[in-house]
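The values are calculated or read from the model by the stated rules, or taken from the named source; none is laboratory data. Everything quoted here is computed from the prediction, not taken from an experiment. Reconstructed Cβ throughout: ideal geometry from the backbone, glycine too, with neighbour counts over all protein chains shown.
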Amino acid sequence: MIDPDDGNRRRVGLCFDCRSAQKLTSAKGSSFYRCVRARSDPAFRDYPPLPVRACSGFEVVEAPDEPREE
């Protein structure tokens, strides 16, 4: 089966499936991924360069219906 999100997942990297990622969309339709961990930990960047391939704060979202901070 082909995953319809696979292209975005490759473009974004770990942030695509991370509990701490907040997807923001501009009025012009551009998407940005913000790391909410950056609010309390200066080791994390607010808007990391994508794709993120390694991150010490990565936590996978457990369930697809789990609410994300947006």
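Yes/no per residue for (1) within 22 Å of D6 (Cβ to Cβ); (2) loosely packed, with under 13 Cβ neighbours inside 10 Å; (3) at pLDDT below 95:
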| site | (1), (2), (3) |
| --- | --- |
| T25 | yes, yes, yes |
| G29 | yes, yes, yes |
| S40 | no, yes, no |
| P49 | yes, yes, no |
| R53 | yes, yes, no |
| A63 | yes, yes, yes |
| E66 | yes, yes, yes |
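Taking the condition at pLDDT 95 or above and among the aromatic types (F, W, Y), does F58 pass?
yes
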